[in-house]
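Here is the structure we will look at.
The values are calculated or read from the model by the stated rules, or taken from the named source; none is laboratory data. Since the model is a prediction, treat every value here as computed from it, not as a measurement. All Cβ positions, even for glycine, are placed from backbone atoms using ideal geometry, and neighbour counts span all protein chains on display. Surface areas here come from the heavy atoms of the whole protein model, side chains and all, with no ligands, DNA or RNA. Shrake-Rupley method; radii C 1.70, N 1.55, O 1.52, S 1.80 Å.
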Number of protein chains: 2
Amino acid sequence: MFGAVSSRYQPLTLETMSAYVRSRPELAAVFNGDEPLETVEVGDGNLNLVFKVWAQADPQRTVVLKQALPYVRLVGDSWPLPTDRARIEAQALEIHGRLAPQHTPKVYFYDPDMYVIAMQNLNQHIIMRKGLIQGIRYPNFAEHIGLFMARTLSMTSDLVLDYRAKKMEVARFINPELCKITEDLIFTEPYRQHERNRYHPEIEPLVVALQADEPLRWEVAQLKEQFMTQAQSLVHGDLHTGSIMINQTDTVVIDPEFAFYGPMGFDVGAVIGNLLLNYAAQESRMADPDQRADFRRYLTDTIIQLWQVFVREFQPVWDQADVVNMPKAYQRDYMRRVLQDAAGFGACKMLRRVIGLAGVEDIRGIEDVHGKSVAASLAMNIATTMMKARHHITCIEEIVEIAVSSRSTV
Amino acid sequence: MFGAVSSRYQPLTLETMSAYVRSRPELAAVFNGDEPLETVEVGDGNLNLVFKVWAQADPQRTVVLKQALPYVRLVGDSWPLPTDRARIEAQALEIHGRLAPQHTPKVYFYDPDMYVIAMQNLNQHIIMRKGLIQGIRYPNFAEHIGLFMARTLSMTSDLVLDYRAKKMEVARFINPELCKITEDLIFTEPYRQHERNRYHPEIEPLVVALQADEPLRWEVAQLKEQFMTQAQSLVHGDLHTGSIMINQTDTVVIDPEFAFYGPMGFDVGAVIGNLLLNYAAQESRMADPDQRADFRRYLTDTIIQLWQVFVREFQPVWDQADVVNMPKAYQRDYMRRVLQDAAGFGACKMLRRVIGLAGVEDIRGIEDVHGKSVAASLAMNIATTMMKARHHITCIEEIVEIAVSSRSTV
């Protein structure tokens, strides 16, 4: 499952791309014979090579090729990372494409020797995080992401899959190396002194206080345990606003290379947590108070709505459930536990983005240094309150209320 | 992983046994050349062929051979069951033998073509259930089983295993067909009208009332979900008193063919629940009140002691744990959750033994029909109280207190 790199593997380059593309019959419908192609390497940040390829004669005939490298691109070959993650991503995209086709990029092929996925070039979309930073609203997002999560999470769980199919899927999506990144960066390092943590000196007293907060570390330890043991659903595993390509009409979820069988609340919490990071960032980004309040109202309404859609789109599964062995009280409790998990995991996602290695541009991109600390403090206060309140949360409005009533303390 | 039956497979018989035994070099240290051997088929109840083989000249030179059949022995080939369970059992025995050698049968070999495990003949031991029914006390049992569970459960969990090794073990011990038996017989059928349920008409009103108890079914649904999703440790999966071979000095745990990554509390609860089934059975088995009270005191003291040993033998793992990311409050909470899970799973184990397909001899073997119903009712009342109290249980004495204060209601 995590064997050596294929002997046929070699990293793609701008020079080898045309020949590689022409060798793949799956792309014959996109590109004609030996017509001239253009290629640019765009990268996706941390882990992979990403190229855009298009026909010189018609830039709308275009694909993206994503190739896994056997190490973390950002760090180099001192941090090896198995190319098996490309298989995981390709298989997760196949499942997402079946369960939520309108929100999944079209995949042309997966090449298991080169660890290459060829997929739709989402050139009509932008990364949602960048849009939110600019204060752009996406009126369909809540509806789309609520549906995407409800379908991908419910339909891969024991509630829908046959007992044998589910357990085979758990085995197929064992993803140790990528899970380990999450275990370290999200659940471990932010809560202790660690050389990979990154934060501005102005918030250091807040970080020191947070790391001294034993009840908080107890909650995080429980959530880490749950992440490592609860094989509830095939989760995306990295569903932040940087994994969402969006425009005013469409929403597409990309990059499920962290996919594994984990708690549903991990995905739901990732979306909510990242919206709340943007909410906190606007404290220092939007100068006009009315404009800021309006945009934040859009963000909190989105959080409420996406949960409502999630519950609504999950309901058909419960409508099929046998109420003798799964009584209604159990069904309601199940959804409440997903919400409580989302509050906990969302809080972890927020804190790692403020304290840990991989920050988010929403906050770290704020140019004014004090303003950045104000936003970071607000995010930390929202997250710690969510984390400690999570066992008592019964409805999505309570999460929003925590955000609205939190204040920066720098 | 669950492929077709090996082409070399054929069921062993009394006639083919000697030739098979002589063909295995691993047994050369037990049996001499072509000396005459004796064989008897003993069966293990439900799922397998089991033979005892010994040297005619010296019955102390002896082994047991256990062979998986491709169907449930009790039912026949209408209930197919993959022979892969023999691999699971052999691999679990290897791990148990490493972690708790004094409580695991010596294994000579596993034959992956014939699905045969050759192991120590525990001819100095009896099945613990039969001993308890006779009112025999085992003074070392609590110490032994507490140690066995602490070591096998802690050392196979994320608390000890490396992140990658643990996840590989989860995949290796995916055991769908045997888990499905548990899912159906323990968590589903007893809580609804089902043709496989078995109980005497005298307790039918109690069963009907129990099946109408929605809060109870809600608890069972949660426990079933936990059984199906929580990959906490390599559990034995069937750790009742019929899987324990015992005498006044030794305790040996056999038959881990149900092993998979599940909740620790499932094993702990199985032991406690089966001791409490015997506790309930003595209501109608031991006529003398003083003798009965004494023996029950032995059983409840054993329950308290085995949990104390479990906690004590688990402690070295916590002593190695990093208290920054696993603060003491988390460690205490972790053990409390195992205890609460044990109360819930133990209750499920008791109820299935009274209502469901596979009863226990402790209760079903009571000859007096009314006496049998009295014992069954007491077991049901202990179990339902445990199940509903489990979220509030903080120490083992509370479980014993529930047993002591419960009464039969027929």
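Within the group B:Ile117, B:Ile145, which residue is closer than 29 Å to B:Leu277 by Cα, more than 14 Å from chain A (Cβ to nearest Cβ) and β-branched (Val, Ile, Thr)?
So the residue among B:Ile117, B:Ile145 that is closer than 29 Å to B:Leu277 by Cα, more than 14 Å from chain A (Cβ to nearest Cβ) and β-branched (Val, Ile, Thr) is B:Ile145.
Within segment A:239-259, is even one residue within 14 Å of chain B (Cβ to nearest Cβ) and in contact with a Pro (Cβ under 9 Å, 6 or more places away or on another chain)?
no
Would you mind telling me which numbered condition in (1) over 30 Å from A:Phe310 (Cβ atoms); (2) within 14 Å of chain B (Cβ to nearest Cβ); (3) touching a residue at least 12 places away in the same chain (Cβ under 8 Å) A:Ile88 fails?
Every listed condition holds for A:Ile88 apart from (1).
Checking B:Ala165 against (1) surrounded by 17 or more Cβ atoms within 10 Å (Cβ to Cβ); (2) closer than 26 Å to A:Pro263 by Cβ; (3) among the small types (Gly, Ala, Ser): exactly one of these is not met. Which one?
Going through (1) surrounded by 17 or more Cβ atoms within 10 Å (Cβ to Cβ); (2) closer than 26 Å to A:Pro263 by Cβ; (3) among the small types (Gly, Ala, Ser) one by one, B:Ala165 breaks only (1).
Could you tell me which residue of segment A:284-333 is farthest from the other protein chains (Cβ to nearest Cβ), considering only residues that are out of contact with any Gly (no Cβ under 6 Å at 6 or more places or on another chain), in contact (Cβ under 8 Å) with a residue 12 or more places away in the chain and of a type in the set (Val, Ile, Thr)?
Across segment A:284-333, the extreme among qualifying residues is A:Thr300.
Residues in segment B:152-162: is at least one crowded, with 22+ Cβ neighbours inside 10 Å, more than 14 Å from chain A (Cβ to nearest Cβ) and within 23 Å of A:Thr229 (Cα to Cα)?
Yes, some residue in segment B:152-162 is crowded, with 22+ Cβ neighbours inside 10 Å, more than 14 Å from chain A (Cβ to nearest Cβ) and within 23 Å of A:Thr229 (Cα to Cα).
For segment A:381-394, check the following and say yes or no: at least one residue is more than 14 Å from chain B (Cβ to nearest Cβ) and in contact with a Gly (Cβ under 7 Å, 6 or more places away or on another chain).
yes
Please verify whether B:Gln124 is without any contact (Cβ under 8 Å) to a residue 40 or more places away in the chain and on the phi < 0 side of the Ramachandran plot, treating the condition exactly as stated.
Criteria not met by B:Gln124.
On the basis of being in a helix (DSSP H, G or I) and farther than 30 Å from A:Ile181 by Cα, does B:Leu153 make the cut?
When the stated conditions are applied, B:Leu153 does not pass them.
Return yes when A:Ile244 is at pLDDT 95 or above, assigned by TED's automatic domain parsing to the domain that holds A:Leu147, under 13 Å from A:Glu89 (Cβ atoms) and buried (at least 24 other Cβ atoms within 10 Å of the Cβ) and no when it is not. Explain how you work it out, then say what you get.
On the way: at pLDDT 95 or above: yes; assigned by TED's automatic domain parsing to the domain that holds A:Leu147: yes; under 13 Å from A:Glu89 (Cβ atoms): no; buried (at least 24 other Cβ atoms within 10 Å of the Cβ): yes.
So A:Ile244 fails the test.
Within segment B:335-410, which helices (runs of 4 or more DSSP H) (wholly inside it) include 3 or more residues that are touching a residue at least 24 places away in the same chain (Cβ under 8 Å) and crowded, with 20+ Cβ neighbours inside 10 Å?
In segment B:335-410, B:369-389, B:396-405 are the helices (runs of 4 or more DSSP H) which contain 3 or more residues that are touching a residue at least 24 places away in the same chain (Cβ under 8 Å) and crowded, with 20+ Cβ neighbours inside 10 Å.
Within segment B:31-61, how many residues are crowded, with 18+ Cβ neighbours inside 10 Å and among the β-branched types (Val, Ile, Thr)?
So the answer is 3.
Kindly establish whether A:Ile304 is in a helix (DSSP H, G or I) and open to solvent by 30 Å² or more (accessible area, probe 1.4 Å).
yes
Quick check on segment B:195-212: of everything there that is touching a residue at least 60 places away in the same chain (Cβ under 8 Å) and part of a loop (DSSP other than H, G, I, E, B), which residue is most open to solvent (accessible area, probe 1.4 Å)?
B:Arg198
Out of segment B:62-82, which residues are open to solvent by less than 10 Å² (accessible area, probe 1.4 Å) and touching a residue at least 60 places away in the same chain (Cβ under 8 Å)?
Residues satisfying the conditions are B:Ala68, B:Leu81.
Yes/no per residue for (1) under 20 Å from B:Ile88 (Cβ atoms); (2) in a strand (DSSP E or B); (3) modelled with pLDDT under 95:
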residue	(1), (2), (3)
B:Tyr110	yes, yes, no
B:Met119	yes, yes, no
B:Leu122	no, no, no
B:Leu132	no, no, no
B:Met149	yes, no, no
B:Asp158	no, no, no
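Mind listing whichever residues of segment A:201-221 are within 8 Å of chain B (Cβ to nearest Cβ) and either aliphatic (A, V, I, L, M) or closer than 17 Å to A:Cys179 by Cβ (or both)?
Scanning segment A:201-221 gives A:Val220, A:Ala221.
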